[in-house]
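Nothing in this text is a laboratory measurement; each read-out follows from the coordinates by a stated rule. Remember, it's a predicted structure, so these values are computed and weren't measured experimentally. Don't worry about glycine lacking a Cβ; one is built from the backbone with ideal geometry, like all the others, and counts go over all protein chains shown.
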Amino acid sequence: MILVTRILLLAILLLALHAPAARADDQPSFIRDAEVENSIRAMAAPLLRAAGLDPAAVHFHILVDPTLNAFVAGGQNEFIHTGLLLRARNASELLGVIAHETGHIAGGHLARMEGELETAQTEAIVATLLGVAAGAASGRGDAAAAATMAGQQLAMRQVLAFSRANEAAADQAGLKFLDATHQSARGMLSFMETLMGEELLVTDNQDPYVRTHPLTDDRIAFIRNWVQHSKWSNAPTRPEYDEMFGRMQAKLYAFLEPPIRTFQRYKASDTSVESRYARAIAAYRKPDLPTALKLIDGLIDQYPKDPYFEELKGQMLFENGHVAEAVGPYQRAVELLPDNALLRIELGQVEVEQGTPPLLKDAVVNLEAGVQGEPDNVEGWHLLGMAYGRQGNDALASYALAEEALLSGRPGDAAYLAGKADRLLPVKRGPIWLRIQDIESRAAEARSNGNNR
């Protein structure tokens, strides 16, 4: 939540005059998908290394939002809207966006922007925030605009000037990263040229990328000049990136759009991998399980070592009530990609639902590996608590559910469950016992700050 809060402060300062007021209960929605995340990480890794960053330390988050946008927040975190992933025309354009956003991280622009906001007149920031809050409470965007007009005028010049300087610096850094990895910057140029046309639109019709990443003729000219002179401008996109991009886009489209639109876009006459992949997903969502299984089985026969096709087959079967049949595909997916925490948690879920003693034992192994790889995964801790409980291990069940409660913002429940685990643990030492003490301490601190859930 802290990451969202920080980026929202910048967004409010830039957009309050034009954006409709958001509802107080609006919450960002994220996609978690092993293939999409791994594909983006694989494409980004060379750029991150060229920027002097550790790829394992940079986290990519996929926001479910049809608008075209991407941003960095809270340190080494890159957020990408599904709208950008679906509207990018090729892998090269996505690489251009990632290179630019990586330039922001490498340049420390978020930290510097926060400092710049602190130097802006306090009255202007307060006026802006109060104006937006008033507009949100009344449900009227025009109320926010009227209330913040004075504050905006005081702060906007300073913040926007700083933002434009940052954007130009991120462009230059991103172009250097592309060159250093022997990749063309044509994708960055074509993406920016497309956005440049949007600046002529009424602000409400612009994508947020245009408003939060101010474009100038100088920026476009600089990128165009770079493309004209870089010796890597005609380098073809790496074939594996094109394949990743096509599959990722097809998968997202099929899951986010109605099945009929997927069938219209990915026709039966198209026998490419991404087309069959999209149609398999659309058929399963229709629902038409026999057709979906026929399509995914065809892909598995052709690519027997692809973990994501096995994962999808397992999902199809599991969500259609064929729990026992879903175990095998998920197990094969984990065998092919054993270090992926998400796949481990998915397999653990199916094994917990099946509930036989051998599968419960395996579920604990998979879920422990899953939460070790993703210690902030609420669902993973919940499932692990269930698995421990069904094995009759109430101490560890209480511990896992205490982790879930703490992550879910329920310190009262976390304190109760951690205390129960502490009482039930036969040995008062070791890493789990120490972690229980930490949970109790953090829960007490949260409750002292007014969160009594």
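Points worth noting:
- Extension reserve of the Arg390-Gln302 stretch, reckoned as 0.36 nm per residue once the Cα distance is removed: 27.8 nm
- Gained length - Ile220 relative to Gln264, 0.36 nm times residue gap less alpha-carbon distance: 12.3 nm
- Near Phe30, the amide H atoms lying under 5 Å from its own belong to Val64; only residues 5 or more places off or on other chains count, and H is placed 1.01 Å from N.
- HN-Hα J in Hz across segment 182-187 - Karplus 6.51, -1.76, 1.60, θ = phi - 60°, x for Gly and Pro: 6, 10, 6, 9, 4, x
- If only the Cβ of Lys and Arg carry +1 and only the Cβ of Asp and Glu carry -1, the dipole of segment 251-403 around its Cα centre is close to 720 debye.
- Subtracting the Cα-Cα distance of Ser233 and Ala56 from 0.36 nm times their residue separation leaves 60.9 nm of extension gain.
- Shape of segment 307-373 from the C-alpha gyration tensor: oblate (a/c of 1.5 or more and a/b not above b/c, with a ≥ b ≥ c the square roots of its eigenvalues).
- Spin-label pair Ile432/Glu240, simplified geometry with 7 Å Cα→Cβ offset, distance in nm: 3.9
- Cα-projected label distance for Glu193 with Thr67, points at 7 Å along beta-carbon direction, nm: 2.6
- Theoretical FRET efficiency, 1/(1+(r/R0)^6), r = Cβ-Cβ of Arg87 and Glu325, R0 22 Å, to 0.05: 0.05
- Dipole size of segment 361-453 about its Cα centre, with +1 on Lys/Arg Cβ and -1 on Asp/Glu Cβ: approximately 360 debye, rounded to the nearest 20.
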